[in-house]
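Let me begin by presenting the structure, written as structure tokens, before commenting on it.
The values are calculated or read from the model by the stated rules, or taken from the named source; none is laboratory data. On a predicted model such as this, the values are computed, not experimentally measured, just so you know. Note that each Cβ is placed from the backbone with ideal geometry, even for glycine, and that neighbours are counted across all protein chains shown.
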Amino acid sequence: MNEEPITALLRVRVGHEDAHYGTIASGAYVMQLFGDLATELTMRRDGDQGLLRAYERVEFLSPVRPGDVLECAATLVREGKTSRGFEAEAWKVAQARPDLGDSAGDVLEERLLVARAVGTTVVPSHLQRNG
């Protein structure tokens, strides 16, 4: 593995279309973000999108709601011949304030960890281009 860790980052606002439980986004929403980060990791490492194989651990630590702004990161933490292990985290950095008005929102003084995961993605040997 390279000396400098391979990382992927994204920041996204949760839309009202992402709320599946009244005012809360489903866990699958954050899992999709983690999957997008895993894809970027394998593109950076191998020049291929890879295939998400499994999550060894997923923790949902705080609700995610429409209007929240999430900052997400994933880092490649282990490599096998074809497998790539990663760790991902999602942090809430801002949130809507519907109690104050339809378009009110606050940037949080301290970001809040809302989810984390450990997973494995696979890139078949014949598709690896950045060895």
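Brief remarks on what is shown
- Restricting region 20-44 to residues that are touching a Lys or Arg at 6+ places or on another chain (Cβ under 9 Å) and of a type in the set (V, I, T), the residue that is surrounded by the fewest Cβ atoms within 10 Å (Cβ to Cβ): T23
- For the residues E87, E109, the requirement of being surrounded by 12 or more Cβ atoms within 10 Å (Cβ to Cβ) and among the acidic types (D, E) singles out E87.
- Filter result for A28 (hydrophobic (A, V, I, L, M, F, W, C), modelled with pLDDT under 95 and in contact with a His (Cβ under 9 Å, 6 or more places away or on another chain)): yes
- The number of residues in region 112-131 being part of a strand (DSSP E or B) and surrounded by fewer than 12 Cβ atoms within 10 Å (Cβ to Cβ) comes to 0.
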